[in-house]
Amino acid sequence: MTTIQPITVRMHEADNVAIVANAGGLAKGVVLDSGLVLIDAIPQGHKVSLVPILKGTDVRRYNVTIGLALQDIPAGAWVSERLLSLPSARDLHDLPKATATAWKAEPLNGYTFEGYRNADGSVGTRNILAITTTVQCVAGVVDVAVQRIKSELLPKYPQVDDVVGLEHSYGCGVAIDAPDAIIPIRTLRNISMNPNFGGEVMVVSLGCEKLQPARLLPAGSIALKKDEELDVVCLQANKHVGFMSMIDSVLASAVPHLERLNARRRTSVPASELVVGVQCGGSDAFSGVTANPAVGFCTDLLVRAGATVMFSETTEVRDAIAQMTARASTIEVADAMVREMAWYDAYLARGQADRSANTTPGNKAGGLSNIVEKAMGSIIKSGTAPISGVLSPGEKLQHKGLHYAATPASDFICGTLQLAAGMNLHVFTTGRGTPYGLAEVPVIKVATRSELAQRWHDLMDVNAGSIADGVKSIEDVGWELFHLMLEVASGRKKTWAEHWKLHNALVLFNPAPIT
């Protein structure tokens with residue numbers, strides 16, 4: 001009979017719980033290396049009490065109070081979500097601001113990738129024709145047109161990677177003059193100018209929608225040549241007689257854009273031209289142990305190389321606000337973080353919800369008891385570098401470094417807003433597993449557990465579970481991810497999501513009223 005070596009992970013010496021790392025969990029009666037005897041069977045990823053925890057006292061993980069015990073919890077017990085009450089959110093007053101010790105990391109020079117240099121100075125990792133839409137009504141026409149472009153035109157332009165329609169659910173039936181309407185409008189505008197689209201902007205409009213092309217992309221918002229006008233195909237134009245004439249117009253409009261894109265070539269550029277969005281979805285208790293720490297280490301490498309990194313998901317970092325403001329490069333950056341958190345607190349309150357609504361059944365099945373525990377694992381993706389900038393939803397990056405891009409925690413809305421900010425490469429960690437992908441940018445998927453990486457072997461690009469297995473260190477996986485990013489950004493390697501052409505629809509964040 002084989003004896004299972006029990007493996008538990010304690011994140012900080014002050015923690016009074018640890019998580020079980022063994023695949024399949026541990027049985028009742030198992031003796032840990034410390035001599036502690038489990039009095040319950042404990043599933044993988046779930047917490048075991050290391051000492052007796054009295055009712056009403058702190059349950060600590062990451063050296064943070066993740067909950068208060070609802071009853072006395074003996075040592076060796078399974079500390080499930082049912083035994084914890086959610087602590088109150090940190091007040092947004094009297095936070096430490098720009099107080100972190102100066103970051104002394106050495107610059108990381110000499111790393112390059114092969115990318116597409118754009119006229120505005122940005123760099124794309126892919127060479128894609130994007131067709132912007134002003135309203136959901138045109139989505140079906142654009143989809144048919146895109147399929148025909150791919151089958152009939154794209155073979156003539158081998159340097160063009162793909163054609164995508166920027167479908168969304170906005171554009172009409174909305175209070176387009178409401179103050180918050182600027183969020184979805186600037187989001188779509190900035191996505192249209194993502195570095196992976198090479199500065200080529202073409203638009204398909206219905207004609208009668210509230211979001212007119214001139215409002216979406218006003219004069220001066222995009223670079224046009226002298227005497228050149230915004231390229232718009234309006235489906236309600238009198239010249240269109242029948243469905244196929246609409247499709248033919250879209251194809252004809254695409255040709256000059258494809259010709260210009262096809263003339264582009266990759267050139268060697270420094271790693272500082274990477275613009276990386278990091279995100280997690282389908283998180284579990286290992287997210288903060290394996291994948292997110294490895295991504296955080298890689299984030300530091302990228303910042304040292306002069307690149308740009310965004311972390312987001314406001315609800316999932318709300319409980320780490322004191323850590324964030326302390327790491328702000330200036331008091332002004334810290335104040336901007338507080339402003340975004342306060343705005344989102346008010347947004348949730350208007351919907352009679354709060355941060356506790358974030359955690360999913362899958363999160364809890366994976367060992368995450370509540371949003372506090374989830375947040376402590378999420379913030380680790382941001383590494384240790386100073387946070388040098390803050391973006392409101394839909395805004396575009398203006399400088400390099402580490403940024404907090406304020407977005408909802410929804411995978412699809414977060415990814416959409418990071419695209420608008422100028423992301424040219426995406427990193428997505430998952431513990432429960434998700435086939436998430438974006439057509440507009442490569443998505444590198446990082447598994448938190450080896451079991452997931454092995455079972456979804458043709459969906460996960462990196463196995464961070466090797467950290468919990470004791471095979472690799474956080475630093476090992478962080479460097480592996482860094483080198484993979486350069487390969488993917490150069491087009492020398494495709495991610496699994498690209499291989500299978502997996503992608504989710506864009507979702508514009510619209511807090512304004514629907515009329």
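The values are calculated or read from the model by the stated rules, or taken from the named source; none is laboratory data. Being a predicted model, the structure only gives us computed values, none of them experimental. Heads up, the Cβs are rebuilt from the backbone with ideal geometry, glycines too, and the neighbour counts pull from every protein chain shown. These accessible areas exclude ligands, DNA and RNA; they are computed on the full protein's heavy atoms, side chains included. Shrake-Rupley method; radii C 1.70, N 1.55, O 1.52, S 1.80 Å.
Find the residue count for the stretch 175-193, including only residues that are open to solvent by less than 30 Å² (accessible area, probe 1.4 Å) and part of a helix (DSSP H, G or I). Step through it out loud before you land on a result.
So in the stretch 175-193, the residues open to solvent by less than 30 Å² (accessible area, probe 1.4 Å) come out as 175-176, 178, 181, 183-185, 187-188, 190-192.
Narrowing further to those that are part of a helix (DSSP H, G or I): 181, 183-185, 187-188, 190-192.
Selection size over the stretch 175-193: 9.
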Inset, instruction - Sort out which residues of the stretch 345-381 are basic (Lys, Arg) and crowded, with 24+ Cβ neighbours inside 10 Å, and write them in order of number. - result: Lys374, Lys381
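Got a number for residues in the stretch 367-391 being more than 16 Å from Ile321 (Cα to Cα) and among the small types (Gly, Ala, Ser)?
To start, the set of residues in the stretch 367-391 that are more than 16 Å from Ile321 (Cα to Cα) comprises 367-370.
Narrowing further to those that are among the small types (Gly, Ala, Ser): 367, 369.
Residues that pass the stated criteria total 2.
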Inset, instruction - Would you please list the contacts, defined by Cβ atoms under 7 Å and residues six or more apart or on different chains, that run from a residue in the stretch 231-242 that is free of Cβ contacts under 8 Å to residues at least 40 places away in the same chain and among the acidic types (Asp, Glu) to a residue that is open to solvent by less than 40 Å² (accessible area, probe 1.4 Å) and assigned to a loop (DSSP other than H, G, I, E, B)? - result: Asp231/Val201
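Looking at this structure, is His499 open to solvent by 30 Å² or more (accessible area, probe 1.4 Å), modelled with pLDDT of 95 or more and over 13 Å from Cys298 (Cβ atoms)?
On the way: open to solvent by 30 Å² or more (accessible area, probe 1.4 Å): yes; modelled with pLDDT of 95 or more: yes; over 13 Å from Cys298 (Cβ atoms): yes.
Answer is yes for this residue.
In this structure, is Ser410 surrounded by fewer than 21 Cβ atoms within 10 Å (Cβ to Cβ), farther than 30 Å from Ala353 by Cα and among the hydroxyl-bearing types (Ser, Thr, Tyr)? Talk me through it step by step, then tell me what you get.
On the way: surrounded by fewer than 21 Cβ atoms within 10 Å (Cβ to Cβ): yes; farther than 30 Å from Ala353 by Cα: no; among the hydroxyl-bearing types (Ser, Thr, Tyr): yes.
Answer is no for this residue.
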Inset, instruction - Using the structure shown, decide if Phe311 is open to solvent by less than 10 Å² (accessible area, probe 1.4 Å) and aromatic (Phe, Trp, Tyr). - result: yes
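Matching residues to (1) under 19 Å from Ala285 (Cα atoms); (2) open to solvent by less than 10 Å² (accessible area, probe 1.4 Å); (3) in contact (Cβ under 8 Å) with a residue 24 or more places away in the chain; (4) touching a Ser or Thr at 6+ places or on another chain (Cβ under 9 Å):
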| position | (1), (2), (3), (4) |
| --- | --- |
| Ser49 | yes, yes, yes, no |
| Lys55 | no, no, no, no |
| Thr65 | yes, no, yes, no |
| Leu70 | no, no, no, yes |
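Examine the stretch 195-212 for a residue that is open to solvent by 80 Å² or more (accessible area, probe 1.4 Å) and out of contact with any Asp or Glu (no Cβ under 6 Å at 6 or more places or on another chain), and state whether such a residue exists.
As a first pass, look at the stretch 195-212 and keep what is open to solvent by 80 Å² or more (accessible area, probe 1.4 Å): 208, 210.
Now restrict to residues that are out of contact with any Asp or Glu (no Cβ under 6 Å at 6 or more places or on another chain): 208, 210.
Yes: one or more hits.
Restricting attention to the stretch 217-244, and to residues there that are of a type in the set (Gly, Ala, Ser) and modelled with pLDDT of 95 or more, which single residue is surrounded by the fewest Cβ atoms within 10 Å (Cβ to Cβ)?
Quick first cut of the stretch 217-244, residues of a type in the set (Gly, Ala, Ser) only: 219-221, 223, 237, 242.
Still in the running and modelled with pLDDT of 95 or more: 237, 242.
Numbers: Ala237: 13, Gly242: 8.
In this case the residue turns out to be Gly242.
State yes or no: is Cys172 of a type outside the set (Gly, Ala, Ser), in contact (Cβ under 8 Å) with a residue 24 or more places away in the chain, touching a Lys or Arg at 6+ places or on another chain (Cβ under 9 Å) and part of a loop (DSSP other than H, G, I, E, B)?
Numbers: of a type outside the set (Gly, Ala, Ser): yes; in contact (Cβ under 8 Å) with a residue 24 or more places away in the chain: yes; touching a Lys or Arg at 6+ places or on another chain (Cβ under 9 Å): yes; part of a loop (DSSP other than H, G, I, E, B): yes.
Yes; evaluated as a whole, the condition is true for this residue.
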Legend entry - Output for the stretch 155-169, where each listed residue is under 18 Å from Ile413 (Cα atoms) and either in a loop (DSSP other than H, G, I, E, B) or open to solvent by 40 Å² or more (accessible area, probe 1.4 Å) (or both): Glu167, His168, Ser169
Inset, instruction - Determine, yes or no, whether Lys150 is among the basic types (Lys, Arg), outside any loop (DSSP other than H, G, I, E, B) and either within 18 Å of Asp231 (Cβ to Cβ) or open to solvent by 50 Å² or more (accessible area, probe 1.4 Å) (or both). - result: yes
Legend entry - Those residues of the stretch 194-246 which are closer than 20 Å to Gln136 by Cβ and assigned to a strand (DSSP E or B), in sequence order: Met202, Val203, Val204, Ser205, Val232, Val233, Cys234
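Every residue in the stretch 163-179 that is of a type outside the set (Phe, Trp, Tyr) and under 22 Å from the mean Cα position of the chain (by Cα), please. If you could, list the steps in order and put the result at the bottom.
Let us first name the residues in the stretch 163-179 that are of a type outside the set (Phe, Trp, Tyr), namely 163-169, 171-179.
Those that are of a type outside the set (Phe, Trp, Tyr) and under 22 Å from the mean Cα position of the chain (by Cα): Val164, Gly165, Leu166, Glu167, His168, Ser169.
Name the one entry in Val333, Val317 that is open to solvent by 10 Å² or more (accessible area, probe 1.4 Å), in contact with a strand residue (DSSP E or B) (Cβ under 9 Å, 6 or more places away or on another chain), over 21 Å from Arg10 (Cβ atoms) and hydrophobic (A, V, I, L, M, F, W, C). Please lay out each step first, then the result.
Working: Val317 fails: open to solvent by 10 Å² or more (accessible area, probe 1.4 Å).
Answer to the selection: Val333.
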Legend entry - Qualifying residue in the stretch 113-128 (condition: part of a strand (DSSP E or B) and open to solvent by 40 Å² or more (accessible area, probe 1.4 Å)): yes
Legend entry - Counted residues, the stretch 1-55 - those being assigned to a loop (DSSP other than H, G, I, E, B), more than 19 Å from Leu70 (Cα to Cα) and within 33 Å of the chain's Cα centre (by Cα): 14
Inset, instruction - Please identify the pairs in which a residue from the stretch 492-515 that is farther than 19 Å from His426 by Cα and outside any loop (DSSP other than H, G, I, E, B) has its Cβ atom under 7 Å from the Cβ atom of a residue that is of a type in the set (Gly, Ala, Ser) and open to solvent by less than 70 Å² (accessible area, probe 1.4 Å), counting only partners at least 6 apart or on another chain. - result: Ile514/Gly173
Legend entry - Matching residues in the stretch 248-294 - criterion: being open to solvent by less than 10 Å² (accessible area, probe 1.4 Å) and among the polar types (S, T, N, Q): Gln279, Ser283, Ser287, Thr290, Asn292
